[in-house]
Amino acid sequence: MIYPKNNPLIHRFFHHYIGHLIKSNFKAFNFNALEIDKDKSILLLANHFGWWDGFLLYWLNYKLLKKKFHIMILEDTVKRVFFLKYMGAFSVVKNSRSMIESLNYASELLQDPQNLVLVFPQARLYSNFVDDIHFERGLLKIIKQAAGKFQYVFAATFIEYFQHKKPTINVYVQKHPDTAAGNIDELKEMFQQHYESAKLLQTQIVL
């Protein structure tokens, strides 16, 4: 398993780099307001549709949630993009012994109210407008071990061009109480409802 590394200089450089990437490639970055519990960590669950996902949700955390950012991503990706571990990334290898270590580490991070852990429950890339959000069951271990220590925040992200040369990012976020710990199907249903509501709002945009 690859753990995050602390280097303020590298982090600061790539923080500005990510901000520059988003500003250069998108017309706007939109998200709704959200009140969070400052005394609890955040388990951020989001749809997974493209290369931009981690960067966009890192920026959402910087602009809105303001926690210490962590993201669980595939080990091959962490190895390929060296700076990710300096931005809070830690690795997971599916269906391996080290996967338990990754899930335990995510649970440990959620014990600290200053932390945010981003997990993509789908674990693979799916269409931005897929109808059903798949949940991998490994998430259950995280929520059982950290139950009561964190708050759920759901994020549904959509990117569209409309009449502009550059696309616009719309992130719909919603907070949920920790009521689904130990029940992955209930959690999936909660996220599915948020995703469908967000997609409906997105498809109602007319310019």
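The values are calculated or read from the model by the stated rules, or taken from the named source; none is laboratory data. Please read these numbers as outputs of a predicted model, since none were measured by experiment. Every residue, glycine among them, receives a Cβ derived from its backbone with ideal geometry; neighbour counts consider all protein chains shown. These area figures cover heavy atoms from the full protein model, side chains too; ligands, DNA and RNA do not enter into them. Shrake-Rupley method; radii C 1.70, N 1.55, O 1.52, S 1.80 Å.
Among the DSSP helices (H) of the chain, those spanning at least 15 angstrom by Cα along their long axis with an average Kyte-Doolittle hydropathy of -1.0 or more are 8-25, 98-109, 184-203; this is a geometric and hydropathy rule only. Placing pseudo-labels 7 Å out from each Cα toward the beta carbon at LYS38 and LYS79 gives an inter-label distance of 4.3 nm.
Probe radius 1.4 Å, ligands and nucleic acids ignored: give me the carbon and sulfur share of the accessible area of the chain as a rounded percent. Answer for the chain: carbon and sulfur cover 53 percent of the accessible area. Taking only alpha carbon atoms, the range 28-71 gives an Rg to Rh ratio of 0.94, where Rh is the Kirkwood radius.
With 28 Å as the limit on Cα-Cα distance, the pairs of LYS85/LYS199; LYS40/LYS63; LYS63/LYS175; LYS5/LYS144; LYS23/LYS67 that go past it are LYS85/LYS199. Rounded to the nearest 20 debye, the dipole magnitude of the chain is 820 debye, with +1 charges on Lys and Arg beta carbons, -1 on Asp and Glu beta carbons, and the Cα centre as origin. Ranked by the mean number of other Cβ atoms within 10 Å of their residues, highest first, the peptides 198-205, 142-149 fall in the order 142-149, 198-205. If you count the DSSP beta bridges with both ends in the chain, what percent of them are antiparallel, to the nearest 5? Bridges in the chain are about 30 percent antiparallel.
Taking only protein heavy atoms into account and a 1.4 Å probe, give the accessible area per residue of the chain in Å². Don't jump to the answer; show the numbers that get you there.
Working: 10670 Å² over 207 residues.
Computed with neighbouring chains in place, this is 52 Å² per residue.
Given the peptides 115-121, 60-66, arrange them by the average over their residues of other C-beta atoms within 10 Å, most packed first.
Values: 115-121: 23.4, 60-66: 17.3.
Highest mean packing first, the order is 115-121, 60-66.
A crude spin-label estimate for the pair THR203 and TRP51, with each label 7 Å from Cα along the Cβ direction, gives 2.8 nm.
Which order do peptides 82-89, 158-165 fall in by mean Cβ count within 10 Å, highest first?
On the way: 82-89: 19.5, 158-165: 11.9.
Going by the mean number of other Cβ atoms within 10 Å, highest first, we get 82-89, 158-165.
Each Cα pair under 8 Å and six or more residues apart adds its sequence gap; the mean of these over the residue count of the chain is a relative contact order of 28 percent.
Can you divide the C-alpha Rg of the range 3-89 by 2.2 N^0.38 Å and report the result to two decimal places?
Working: Rg = 13.2 Å, N = 87, 2.2 N^0.38 = 12.0 Å.
Against the compact-globule rule of thumb, the ratio is 1.10.
At a Förster distance of 30 Å, what's the computed FRET efficiency of HIS164 paired with GLU186, Cβ-Cβ distance as r, to 0.05? Computed FRET efficiency for HIS164 and GLU186: 0.15.
Here are a few candidate values for Kirkwood radius over Cα pairs in Å: [x] 18.6; [y] 16.6; [z] 17.4. Which one was actually calculated from the structure I just gave you? Step by step, Kirkwood radius over Cα pairs in Å for this structure corresponds to label [z].
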